[in-house]
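Trainee: Below is a structure I'd like to ask you about.
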């Protein structure tokens, strides 16, 4: 499964938040943090307020503070629908983690 990615679409009730390809997504699922990789079994889950992290195929990380919503994952397509989302950080793999993006 080398080179496989997930098509990710994150939307809030107000606007599209982020869309692109990812090699990993971590969501604040109701039962705790849930990591999703390419090939993950289909899942539909409620998510809670917390941090959602996306790692793109180049290792760049994008983080969002999200409020309640849900995720739907099937056939390497992830849809995240939340009430509100705010970008809090992004970084290249191995980069300094002190930078914050508003």
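Trainee: Quick one: Cα convex hull volume of the stretch 6-91, Å³ per residue?
Mentor: Convex hull of Cα atoms, per residue: 73 Å³.
Trainee: For the modelled label position 7 Å from the Cα of residue 75 along Cα-to-Cβ, which residues of the stretch 1-26 have backbone nitrogen atoms closer than 17 Å?
Mentor: 5-9
Trainee: Right, something else. How much length is gained on full extension from residue 23 to residue 88, taking 0.36 nm per residue of separation minus their Cα-Cα distance?
Mentor: Full extension of this stretch gives 21.5 nm more.
Throughout, read-outs are computed from the coordinates displayed, never taken from laboratory work. Note that the coordinates shown come from a computational prediction; the quantities given were computed from them, not determined experimentally. Reconstructed Cβ throughout: ideal geometry from the backbone, glycine too, with neighbour counts over all protein chains shown.
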